[in-house]
Every structure is written in C-alpha cells, then in structure tokens.
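The values are calculated or read from the model by the stated rules, or taken from the named source; none is laboratory data. Quantities reported herein were computed from a predicted structural model and do not represent experimental measurements. Cβ sites come from the backbone with ideal geometry, for glycine too, and all protein chains shown count toward neighbours. Just the protein is used for accessible areas: all its heavy atoms, side chains included, with ligands, DNA and RNA removed. Shrake-Rupley method; radii C 1.70, N 1.55, O 1.52, S 1.80 Å.
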Amino acid sequence: MNHESALLKRFLLWSTRQGWRLFRNSVGVGFVGRELRSYPSSTRSGAAVIYEIAGRRIRFGLCEGSSDLIGWRSVRVTAEMIGSQIAQFCACELKTENVTTTKEQINFLAQVRKAGGFSTVVREKGGAFEFDKGGSPVEVGE
C-alpha cells in the first residue's frame with residue numbers, strides 16, 4: 001500500500017469517529033467500447049492486449065480539481081434554528097510530504113469555502129493531521 005493510500009485510510013477512520021461522512025472521489029478518464037479482437041501478449045504475465053473499436057471516453061468524479069474525499073459533517077446551527085442540525089458539505093484534499101496542490105484543486109477548495117462548506121488540505125506530520133487555513137493539528141488517535 002502506498003503512503004497516500006495509507007493516509008487516506010487513516011483519515012477516513014478518524015473522520016468517521018468525528019461523525020463526518022466522507023466518500024472517495026476518484027477523478028479521471030477511462031474508455032469503453034466494443035472489443036474487436038484480442039492479441040496475446042508477449043509478456044510473461046500472459047495478459048491480453050485488447051484492440052477496441054467504437055470506443056468512447058468517459059470522465060468520472062465530480063470535476064477536475066475536486067477533492068479526494070467529499071461528503072458532509074453535521075453542524076449545529078444557532079439563532080433562529082437553535083437545536084437544528086444541518087449537513088455541511090466537506091471537501092478534503094489529502095497530500096503526502098512534498099506534494100503540492102494544483103491550481104484546479106485550490107480553486108475547488110476556495111469555491112466550497114465561498115459557498116459555506118468546509119474544505120481543507122490534510123497532511124499528516126508526526127502522528128497528527130494538519131489542516132490548512134489555520135486549522136490546528138489533530139492527533140490521529142483522537
């Protein structure tokens with residue numbers, strides 16, 4: 001398991017204990033189509049190389065730059081809605097050491113904040129999760 005996958009699993013466990021509901025948001029492009037014929041591979045694994053015809057591209061995930069984890073957290077509101085709970089949209093971008101966010105990711109996080117959601121870049125340092133935008137470190141075991 002690579003470092004980012006391990007970070008993702010640890011953060012999902014932590015966020016679930018906090019009452020958040022986050023889901024993996026894989027973003028990318030794939031292809032679908034009708035298989036015309038298969039050619040045996042010359043590799044040792046014997047995997048087939050498939051030639052496709054009438055294929056088409058399919059994009060998956062929310063949009064380019066959308067966060068690794070999306071979902072909601074419960075927030076108790078005040079004033080006229082005293083006692084009510086709402087689901088606040090959350091977007092968490094997980095980054096390992098020395099990996100930077102793209103301009104598309106920064107824009108997505110900013111748009112979520114602008115609309116009233118919670119968004120952050122999460123890094124793990126010394127056994128604690130650190131959040132951007134002034135969020136204080138949170139112990140992994142909490």
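Just a few scattered comments:
- Of LEU8, LEU13, LEU94, the order by accessible heavy-atom surface (1.4 Å probe, DNA, RNA and ligands excluded), from most exposed downward, is LEU13, LEU8, LEU94.
- The modelled label-to-label distance between VAL29 and LYS125, using points 7 Å beyond Cα along the C-beta direction, is 3.6 nm.
- Judged by the mean number of other Cβ atoms found within 10 Å, the most tightly packed of the peptides 25-31, 115-121 leads the ranking 115-121, 25-31.
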